[in-house]
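Peer 1: The structure is given below, and queries will be raised subsequently.
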Amino acid sequence: MTIGWCFDNTYYKLSKTFKEDIKPIPVKNPEIVLFNKDLADVLNLDFKNLNNQKLAELFSGNSLPEGSNSLAQAYAGHQFGHFTMLGDGRAVLIGEHLSKKNKRYDIQFKGSGKTAFSRNGDGRAALGPMLREYIISEAMNGLRIPTTRSLAVVKTGEDVIRETSLPGAILTRIASSHIRVGTFQYIAAREKKDELEILLDYVIDRHYPDIKNSKNKAIDLLSIVLEKQINLVVNWMRVGFIHGVMNTDNMTISGETIDYGPCAFMDTYDPKTVFSSIDQMGRYAYCNQPVITKWNLSRFAECLIPLINKDQEKAIELATKIINSFEKKYEEKWLNMMRDKLGLFGVDEKDKFLILDLLTWMHQKKVDYTNTFCHLMNENVHKNKDYEDKDFQNWKIRWNERLKINNNTPEKCLKLMKTVNPLIIPRNHNVEKVLEEAEKKNLKPITELIAVLKDPYTKKDNIDDYQNPSNSDKNYKTFCGT
Ligand code: AMP
Ligand code: MG
């Protein structure tokens, strides 16, 4: 029985401008920590004939599968608003694998050693942050939010030096591609129109073949990416996800969430929530995420200008029109998402007030975001006095009146709510606890957490601990883990 690799490495065929051909740097003593059998099945890969040693050799990059052509991708990015040339400084793409359904997946090792883009970094990653990315990316998949996924984590048997010495690790990341807004920025900065055209055609071929023959491919791509990114950020807002580093190099063209660094889920509802230790100005706070999405899309639009129209002014005018459609589209999608969260069908002109009044109450009362919607679904097992509050009771009367408008049964409304309101999110205290245990070689808690996060919309026994917010979230800080 073979594993079933089916490599077809199209990015590798691009010229030197786009990447550095490089192999992962071998590691001393690889040891498998997590392996995602469900994801392997999705990929039609079968690893059952590999023992743990062989799995570790494979997922550390010590032995590359046949058919792989490994490379580090070049990209640039606005980091906290400042433009920098970047690239895969601690990752290599080992190839593109085709599943039996002919779906194309990038297979990437993160933490695999220095590349031409490492700058001052060591090219390595620490175990904690790689496990964290595994947990959160798989949780996002369970929440049905577009995301890169995690196939495996191996320990390298080498230490990495951060503030202290930490165990090194490599994450195998799966993505529909790793092409970012920053990839376009890198190529656009070189000011060679033919290279930009190559990238545009490559991306359209790979992700959006429907616009292959359109009259203005660049403008159509901008429209599609805008739509995809609005859908994505609305999904983040839905579950209280805070990405933490929405730099343009961390925004994909595919519309998948990528690069789980200092991200975290909001517990207590506060639009200004920031967890990242490096985000002192709150640039990437929960409520700023839509604005930043638009800002990043504007940077994307700038890259495309030379391809939109020969006449620069005309090109800017066309691109600006698309970018300026952001607010209206976002508001519409956000409103519909919030209607779903409240089980509301159809449209009523007062919906926006109903929704905003609930959010304002949640903010004032400092209640848990996720659990408030659980409460409205009668799913919150814990008694909580906050919900006896008179203002909330009055709001509920208005909500119940609104629910009646479209003449839907309560069952139908509840069914809708259950598809969008998770019972479980990866809460910070749970994530921290399982990471601590994993560092002590106890993998049971992390495995259990990953298992419950697979299906966060379905009620199960013994999930209380995963539903309880921690008391200390206010001071919770996340770190980049580079
Ligand atoms: P990130 O914060 O993971 O999105 O990374 C931003 C940039 O820094 C990317 O170009 C990374 O490849 C690079 N980088 C992050 N950590 C390291 C590291 N330990 N060594 C080399 N490059 C790194
Ligand atoms: Mg990144």
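Peer 1: Per residue, how big is the convex hull around the C-alpha atoms of segment 298-427? Give it to me in cubic angstrom, could you?
Peer 2: Working: hull volume 20.6 nm³, N = 130.
It is 159 Å³ per residue.
Peer 1: A follow-up question, please. Run the accessible area of segment 1-64 with a 1.4 Å probe and give the carbon-and-sulfur part as a rounded percent.
Peer 2: 51
Peer 1: For segment 325-363, which GluC sites (Glu not before Pro) are in a loop by DSSP, counting at most 16 other Cβ atoms within 10 Å? Don't jump to the answer; show the numbers that get you there.
Peer 2: Details: sites: Glu327, Glu331, Glu332, Glu349; in loops: Glu349.
Hits after loop and neighbour filter: Glu349.
Peer 1: While we're looking at this one, here's another question. Rank Asp348, Asp41 by accessible area, highest first, at a 1.4 Å probe radius?
Peer 2: Details: Asp348 35, Asp41 75 Å².
From most exposed to least exposed: Asp41, Asp348.
Peer 1: Would you work out the Kirkwood radius for segment 1-124? I mean one over the mean of 1/r across all pairs of different Cα atoms, in Å.
Peer 2: On the way: mean 1/r = 0.0644 Å⁻¹.
About 15.5 Å, per the Kirkwood formula over Cα pairs.
Peer 1: At 4 °C and 1.567 mPa s, what whole-number value in µm²/s does Stokes-Einstein give for the translational diffusion of the chain, with Rh from the Kirkwood sum over Cα pairs? Walk me through the numbers on the way to the answer.
Peer 2: Working: Rh = 23.6 Å.
Approximately 55 µm²/s, per Stokes-Einstein.
Peer 1: Related question: Less than 14 Å apart at the alpha-carbon level, and either on another chain or at least 8 residues along: which aspartates and glutamates does that give for Lys404?
Peer 2: Asp348, Asp351
Peer 1: Return one whole number: the accessible area per residue of segment 239-345 in Å², for a 1.4 Å probe. Mind showing how you got there, number by number?
Peer 2: Details: 4030 Å² over 107 residues.
On a per-residue basis, segment 239-345 sits at 38 Å².
Peer 1: Heavy atoms only, probe 1.4 Å: what % of the accessible area of segment 192-237 goes to carbon and sulfur, would you let me know? All intermediate terms of the calculation are to be shown ahead of the outcome.
Peer 2: Working: 940 of 2050 Å².
Of all accessible area on segment 192-237, carbon and sulfur atoms account for 46 percent.
Peer 1: If you wrap segment 73-144's Cα atoms in a convex hull and average its projection over all directions, what's the area in nm²?
Peer 2: Answer in nm², one decimal: 6.6.
Peer 1: Using the structure shown, select from Lys103/Lys310; Lys28/Lys444; Lys365/Lys460; Lys37/Lys212 the pairs with a Cα to Cα distance greater than 31 angstrom. Walk me through the numbers on the way to the answer.
Peer 2: Numbers: Lys103/Lys310 35 Å; Lys28/Lys444 26 Å; Lys365/Lys460 28 Å; Lys37/Lys212 36 Å.
Violating the 31 Å limit, Cα to Cα: Lys103/Lys310; Lys37/Lys212.
Peer 1: Any chance you could tell me what percent of the C-alpha pair distances in segment 353-444 go past 15 Å? Present the calculation step by step, with values, prior to reporting the outcome.
Peer 2: Details: 2891 of 4186 pairs.
Summing the P(r) tail past 15 Å for segment 353-444 gives 69 percent.
Peer 1: OK, next. Can you tell me the equivalent ellipsoid semi-axes for segment 236-389? Use √(5λ) from the Cα gyration tensor, largest first, whole Å.
Peer 2: Values: eigenvalues 236, 80, 29 Å².
Working from the Cα gyration tensor, I get semi-axes of 34, 20, 12 Å.
Peer 1: So, for segment 370-435, what is the accessible surface per residue at a probe of 1.4 Å, expressed in square angstrom? Please report the intermediate quantities before stating the final value.
Peer 2: Working: 3500 Å² over 66 residues.
That works out to 53 Å² per residue.
Peer 1: Also: Can you tell me the accessible area per residue over segment 1-126, all protein chains present, probe 1.4 angstrom, in square angstrom?
Peer 2: Numbers: 5920 Å² over 126 residues.
Accessible area per residue: 47 Å².
Peer 1: Evaluate segment 159-260: find the radius of gyration of its Cα atoms, find its Kirkwood radius, and give the ratio Rg to Rh. If you can, show how the numbers build up before the last one.
Peer 2: On the way: Rg = 16.7 Å, Rh = 15.7 Å.
Taking Rg over the Kirkwood Rh, I get 1.06.
Peer 1: Using a Förster radius of 35 Å, what is the FRET efficiency between Asp194 and Lys28 based on their Cβ-Cβ separation? Nearest 0.05, please.
Peer 2: On the way: r = 44 Å, r/R0 = 1.25.
It comes to 0.20.
Peer 1: Under a 1.4 angstrom probe, counting protein chains only, how are Leu131, Leu414, Leu335 ranked by accessible area, largest first? Could the numbers behind the result be given before it?
Peer 2: On the way: Leu131 0, Leu414 60, Leu335 20 Å².
The ordering from most to least exposed comes out as Leu414, Leu335, Leu131.
Peer 1: Separate question: Determine the share of segment 292-383's accessible area contributed by carbon and sulfur atoms, expressed in whole percent, with a 1.4 angstrom probe. Don't skip to the end; give the middle numbers.
Peer 2: On the way: 2380 of 4650 Å².
Its accessible area is 51 percent carbon and sulfur atoms.
Peer 1: If the viscosity is 0.692 mPa s and the temperature 37 °C, what translational diffusion coefficient in µm²/s does Stokes-Einstein give for segment 419-482 when Rh comes from Kirkwood over Cα pairs?
Peer 2: Numbers: Rh = 12.9 Å.
Rounded to a whole number, D works out at 254 µm²/s.
The values are calculated or read from the model by the stated rules, or taken from the named source; none is laboratory data. Quick caveat, the model's predicted, so the values are computed rather than measured. Glycine gets a Cβ as well: all are built from the backbone with ideal geometry, and neighbour counts include every protein chain shown. Each accessible area value is taken on the protein alone, full model and side chains, heavy atoms only, with ligands, DNA and RNA left out. Shrake-Rupley method; radii C 1.70, N 1.55, O 1.52, S 1.80 Å.
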